[in-house]
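Chemist: Have a look at this one.
The values are calculated or read from the model by the stated rules, or taken from the named source; none is laboratory data. All values derive from a computational prediction rather than experimental measurement. Counting neighbours? That spans all protein chains shown, and the Cβs are built from the backbone with ideal geometry, glycine included. SASA here: full protein model, heavy atoms, side chains in, ligands and nucleic acids out. Shrake-Rupley method; radii C 1.70, N 1.55, O 1.52, S 1.80 Å.
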Amino acid sequence: MTLSSKLAIVFLALAAAFAGGASAQTAGDPARGKTLYFDHGCYGCHGYQGQTGARNLVGTNSPIIAKPEVFLFFLRQRGNFLPMIPSTAMPRFSEKALPDPQALDIYAYIKTFKLDAPDVASIPVMGQIEASAARAYQAGR
Amino acid sequence: MSNDAGARELGRRAFLKGAATGTAAMATAAPGLAEARARTDEAAAPEAAVAAPPPNASQIARELSASPPASLTPLVTRPGSDLMVEVLKQMGVEFAAANPGSSFEALQESIVNYGDKPNTMPEFITCLHEETAVDMASGYGRAEGKPMVALLHGTLGLQHAAMAIYQAYYGGTPMLIIAGRDDGFIQAHTADDMAAMVRSFTKWDAHPKTLPEALAALQEGYRQATTAPTGPVVVVLDTEVQKEEAGDFAVPAYRPPVIAGLDAAAARRLAERLINAKNPRINVGRLRTPQGVRQAVQLAELIGASTSSQATVGPMSFPNRHASCGPGAATDYDFTLGLEIGPADVALMGPTIASIAATRDKMGVAFGGLRAKPSPPTAPLAPMAVKIGETIGLDAEASLPGLIAAVQILLTAERRDAIAKRAALTAAANRKANVEGVRKALTVKRTGWNSSPVSLARIYAELWPLIENEDWCLASPSVLSGSHHRELWAHNKPYSYLGLPPAGGIGYGAGACAGAGLAARERGRIIINIQTDGDMNYAPGALWTEAHHGLPVLSIMHNNRAWHQELMFLTFMAGARGRGTDRAHIGSTLRNPFIDYRKMAEAYGVAGEGPIEDPALLRAAFKRGIASVKAGRPYLIDVITQPR
Ligand SMILES: Cc1ncc(C[n+]2csc(CCOP(=O)(O)OP(=O)(O)O)c2C)c(N)n1
Ligand SMILES: [Mg+2]
């Protein structure tokens, strides 16, 4: 078992434990969170609106963003090791780098994200792309 | 003051005086001008590069009338460099890209002036940086499967070009590099063994000593560059050889390389197995030329095989929306033929594989001290679990004509019938798989559709209906912009997508697109360049070359205002160390100030617009861009993008 899969199991167990209780955290401020989301490079891997990049933060039922405690736990436990090769995996955000109040501001901001994309069927360009995929091959085209 | 110093001081004053009157003298004494400029053996001084160069001994001597001017180069009626151009013409070299340098002034003069149609075949392409010249040769070579020339000025030009040459070597990109060598002018520009500094990453080089040798070296260089393993070659040409009188020396005829393929018996054996297979498959990697691709299609159609392609990751592979391309109706392939598919893929093919993969071992060819990292040991395979296919170490493209001929002879009417039926089933299954794949991809690509900054998937999606009916070539590496063309676009041409920078070197994209633009301009094609901002800034002068030569390159900035890949690495690193994740932007972003790419384009003479942040504006902008490049004018659209 790899280190990261071990971490994942520990994490999921904890997430489940957190899942029951009421939130003990005070709510963060999404406006401050927006700045922090940029400053700490979250946008770099999740897009400015949480819709692009390494992992969507919208339209998921991830337990990680269901509760602030879980989110905080997730930030602290990630990637707590020095990479031997460069990595674009989700970094660790230690309390020193990103204290709880600020992290909660980011959490509040993330919670404002909405999937604003239209359905595929209502995007004309996507219809054209699909039609193009169905067209028979012609040599030289 | 010593005598020496005194003479120097005197000489310097006389020299400056001469310089002051020189202009007037030049204006009146036109006939003697060329001669006045002509260098003599001794007058050639390294000081020429400094603002007020001190005279050298021979100049001082002349100033003092101690010695008359050394004899001038006699008029040459048929310079060696004319014959060099003749050789390039014979081989069909369309372009010679260069940043000018006196070490090839004679050859440059011949290119621009010699022949019935001067400055064609090759046409002199002006570059602002040697890296661009060689990257252009890469873009052209990958699109066309044949070399153009990059001309480099001695040791300096070679060093500026080194990374680009390195990438061409990694990419197996055919190109003919000519390095000028002027021994006796500025010694720092010269080396005894000029090609040494790039020898470990070029396939072949030569330093001919005479004109006949030089012409032969150009021809051999072309053969080497185009014979597998294809790659960059260097020919060092001395100024003397370029300038010497050729007299009535005849230009030797060019003999194309003879590339070994399957012999007739082996072709027949393979043909039989393909014909008799119940469910044959042909896996196609990267062939050498468009002709090879056409023949692979012909073979697949004859056999009714399903095929796989690498056309979405690089050039010269099988058309990926061809009816045969895809998994087919059933995946129980009982005979798989690999064409230029590496050993890793061969291992996956099952027990009855014959691959005609030419050896492209980068270590094999004079690769100096560089070695690939050894792959980690793997667990031994269970006996009989996987049988690695036989690898026939021959050139696939050269083998195809014989294979096709054998199939044509052996195919019976009955087999043809069965094959036609199978091909129809394969086509239907592949079409279905393709449409389903695209449909699935679209549900993912739609996220961020309305986002500002603009989502990268939307850029690729909006482009497709606009270019589908054009003859297009995606010449920019696409991985940093998400490679969304892979699922959304059809890759049916040998040059649909030219692939990544072969060694991962950034700065390659802008030049490669300009080079692909050369091929495109001649063939009524347009170039799509999804241009990352980091890459653009290494050698942005490629934009001027596009404007100057009317290259149909549509550059769409993936402007995430960062070397974003590095920003992500750095954020992870800071996070792992538990500190300063808000400081990872230092040294990895292009902020404060932002770079205005529309203005950059304008400065270089390329029309453009932007920055665009509203995705609703993309379509109209793309239409304007496509209209512009179709009229032969490069165009740049700055788009502020999501980072990934
Ligand atoms: C010549 C060279 N220098 C540095 C690097 C390291 N490097 C890898 S990716 C990258 C960033 C590229 O930035 P950009 O082209 O804007 O693409 P982005 O990651 O921002 O999408 C750099 C600098 C490299 N690969 N090649
Ligand atoms: Mg960038």
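Chemist: Restricting the search to segment B:490-517, which residues are in contact (Cβ under 8 Å) with a residue 60 or more places away in the chain and not small (G, A, S)?
Modeler: Correct list: B:H491, B:N492, B:K493, B:P494, B:Y495, B:Y497, B:L498, B:L500, B:P501, B:P502, B:Y508, B:C513.
Chemist: Can you name the residue in segment B:241-265 that is open to solvent by less than 20 Å² (accessible area, probe 1.4 Å) and of a type in the set (A, V, I, L, M, F, W, C) and is also nearest to B:G326 (Cα to Cα) among such residues? Working first, answer last.
Modeler: First, pick out the residues of segment B:241-265 that are open to solvent by less than 20 Å² (accessible area, probe 1.4 Å): B:241-242, B:246.
Next, from what is left, pick out any that are of a type in the set (A, V, I, L, M, F, W, C): B:241, B:246.
On the way: B:V241: 54, B:A246: 57 Å.
Filtering segment B:241-265 for residues that are open to solvent by less than 20 Å² (accessible area, probe 1.4 Å) and of a type in the set (A, V, I, L, M, F, W, C), the one nearest to B:G326 (Cα to Cα) comes out as B:V241.
Chemist: Being more than 10 Å from chain B (Cβ to nearest Cβ) and charged (D, E, K, R) is the filter here; which residues of segment A:51-76 pass it? It would help to see each step written out before you state the result.
Modeler: Of segment A:51-76, the ones more than 10 Å from chain B (Cβ to nearest Cβ) are A:55, A:57, A:60-74.
Correct list: A:R55, A:K67, A:E69.
Chemist: Right, next: On the basis of being on the phi < 0 side of the Ramachandran plot, more than 16 Å from ligand 2 (Cβ to nearest atom), under 25 Å from the mean Cα position of the chain (by Cα) and in the same structural domain as B:L551 (by TED's automatic domain parsing), does B:A461 make the cut? First the steps, then the outcome.
Modeler: Values: on the phi < 0 side of the Ramachandran plot: yes; more than 16 Å from ligand 2 (Cβ to nearest atom): yes; under 25 Å from the mean Cα position of the chain (by Cα): no; in the same structural domain as B:L551 (by TED's automatic domain parsing): yes.
Answer is no for this residue.
Chemist: Another one. Among the residues of segment B:536-588, count how many are within 11 Å of ligand 2 (Cβ to nearest atom) and touching a Leu at 6+ places or on another chain (Cβ under 8 Å).
Modeler: Total meeting the criteria: 9.
Chemist: Answer yes or no as to whether B:L617 is within 13 Å of ligand 1 (Cβ to nearest atom), modelled with pLDDT of 95 or more, assigned by TED's automatic domain parsing to the domain that holds B:W464 and in a helix (DSSP H, G or I). Walk me through it before giving the result.
Modeler: On the way: within 13 Å of ligand 1 (Cβ to nearest atom): no; modelled with pLDDT of 95 or more: yes; assigned by TED's automatic domain parsing to the domain that holds B:W464: yes; in a helix (DSSP H, G or I): yes.
Here the answer is no, as B:L617 does not meet what is asked.
Chemist: For segment B:476-497, what are the residues that are open to solvent by less than 20 Å² (accessible area, probe 1.4 Å) and within 15 Å of ligand 1 (Cβ to nearest atom)?
Modeler: Hits for segment B:476-497 are B:S476, B:S478, B:S481, B:S483.
Chemist: Also: Out of segment B:498-507, which residues are open to solvent by less than 10 Å² (accessible area, probe 1.4 Å) and among the aliphatic types (A, V, I, L, M)?
Modeler: B:L498
Chemist: List the number of the failed condition for B:V435; all other conditions in (1) away from ligand 2 (no atom under 16 Å from the Cβ); (2) touching a strand residue (DSSP E or B) at 6+ places or on another chain (Cβ under 9 Å); (3) facing chain A (nearest Cβ under 10 Å); (4) within 27 Å of A:N56 (Cα to Cα) hold.
Modeler: (2)
Chemist: Give segment B:194-239 a look and list any residue that's more than 17 Å from B:V134 (Cα to Cα) and either not in a helix (DSSP H, G or I) or not assigned by TED's automatic domain parsing to the domain that holds B:G184 (or both), or say none.
Modeler: Selection gives B:A206, B:H207, B:P208, B:K209, B:T210, B:T227, B:A228, B:P229, B:L237, B:D238.
Chemist: Out of (1) surrounded by fewer than 18 Cβ atoms within 10 Å (Cβ to Cβ); (2) in a helix (DSSP H, G or I), the odd one out for B:I275 is which?
Modeler: Evaluating B:I275 over (1) surrounded by fewer than 18 Cβ atoms within 10 Å (Cβ to Cβ); (2) in a helix (DSSP H, G or I) leaves (1) as the failure.
Chemist: A follow-up question, please. Quick check, is B:R633 among the basic types (K, R) and free of Cβ contacts under 8 Å to residues at least 60 places away in the same chain? Even if it seems obvious, please write down each step before you answer.
Modeler: Details: among the basic types (K, R): yes; free of Cβ contacts under 8 Å to residues at least 60 places away in the same chain: no.
So B:R633 does not fit the description; no.
Chemist: Among B:A620, B:A562, B:A584, B:A627, which is within 10 Å of another protein chain (Cβ to nearest Cβ) and without any contact (Cβ under 8 Å) to a residue 40 or more places away in the chain? Let's see the steps before the verdict.
Modeler: Working: B:A620 fails: within 10 Å of another protein chain (Cβ to nearest Cβ); B:A562 fails: without any contact (Cβ under 8 Å) to a residue 40 or more places away in the chain; B:A627 fails: within 10 Å of another protein chain (Cβ to nearest Cβ).
So the residue among B:A620, B:A562, B:A584, B:A627 that is within 10 Å of another protein chain (Cβ to nearest Cβ) and without any contact (Cβ under 8 Å) to a residue 40 or more places away in the chain is B:A584.
Chemist: Moving to a separate point now. Any idea which residue in segment B:508-535 is nearest to ligand 2 (Cβ to nearest atom), counting only those that are open to solvent by less than 10 Å² (accessible area, probe 1.4 Å) and not in a helix (DSSP H, G or I)?
Modeler: Among them, the one singled out is B:Q531.
Chemist: Take segment B:214-229 and flag every residue that is open to solvent by less than 20 Å² (accessible area, probe 1.4 Å) and of a type in the set (D, E).
Modeler: None; the set is empty.
Chemist: Do we find a residue being crowded, with 17+ Cβ neighbours inside 10 Å, at the interface with another protein chain (Cβ under 7 Å from one of its Cβ atoms) and modelled with pLDDT of 95 or more anywhere in segment A:100-107?
Modeler: Step one: filter segment A:100-107 for residues crowded, with 17+ Cβ neighbours inside 10 Å, giving A:102-107.
Then keep just the ones that are at the interface with another protein chain (Cβ under 7 Å from one of its Cβ atoms); that gives none.
Checking segment A:100-107: not a single residue is crowded, with 17+ Cβ neighbours inside 10 Å, at the interface with another protein chain (Cβ under 7 Å from one of its Cβ atoms) and modelled with pLDDT of 95 or more.
Chemist: A further question on this structure: Every residue in segment B:542-578 that is part of a loop (DSSP other than H, G, I, E, B) and either open to solvent by 10 Å² or more (accessible area, probe 1.4 Å) or more than 30 Å from B:G632 (Cβ to Cβ) (or both), please.
Modeler: The first filter runs over segment B:542-578 and keeps only residues part of a loop (DSSP other than H, G, I, E, B), leaving B:550-552, B:560-561, B:563, B:577-578.
Scanning segment B:542-578 gives B:G550, B:N560, B:R561, B:W563, B:R577, B:G578.
Chemist: In segment A:90-99, what residues are loosely packed, with under 15 Cβ neighbours inside 10 Å and within 7 Å of chain B (Cβ to nearest Cβ)?
Modeler: Pass one, segment A:90-99, residues loosely packed, with under 15 Cβ neighbours inside 10 Å: A:95-96, A:99.
Passing the criteria: only A:K96.
Chemist: How about segment A:77-89: which of its residues are more than 7 Å from every other protein chain (Cβ to nearest Cβ) and out of contact with any Leu (no Cβ under 9 Å at 6 or more places or on another chain)?
Modeler: The answer is A:M84, A:I85.
Chemist: Quick test of your reading of the structure: B:P643 fulfils all but one of (1) open to solvent by less than 10 Å² (accessible area, probe 1.4 Å); (2) part of a helix (DSSP H, G or I); (3) within 14 Å of ligand 2 (Cβ to nearest atom). Name the failing condition by number.
Modeler: All conditions are met except number (2).
Chemist: Counting only residues that are surrounded by fewer than 22 Cβ atoms within 10 Å (Cβ to Cβ) and without any contact (Cβ under 8 Å) to a residue 12 or more places away in the chain, give me the helices (runs of 4 or more DSSP H) lying completely in segment B:392-468 with at least 3 of them.
Modeler: Details: elements: B:396-410, B:413-445, B:456-467.
Qualifying helices (runs of 4 or more DSSP H): B:413-445.
Chemist: Looking only at residues in segment B:589-609 that are closer than 29 Å to A:A117 by Cβ and within 16 Å of ligand 1 (Cβ to nearest atom), which one is least open to solvent (accessible area, probe 1.4 Å)?
Modeler: Quick first cut of segment B:589-609, residues closer than 29 Å to A:A117 by Cβ only: B:589-591, B:594, B:597-598, B:608-609.
Adding the requirement that they be within 16 Å of ligand 1 (Cβ to nearest atom) leaves B:589-591, B:594, B:597.
Working: B:T589: 23, B:L590: 24, B:R591: 62, B:F594: 112, B:Y597: 3 Å².
Selected residue: B:Y597.
Chemist: Sticking with this one: Among (1) more than 9 Å from every other protein chain (Cβ to nearest Cβ); (2) free of Cβ contacts under 8 Å to residues at least 12 places away in the same chain, there is one condition A:T112 misses while meeting the rest; what is its number?
Modeler: (2)
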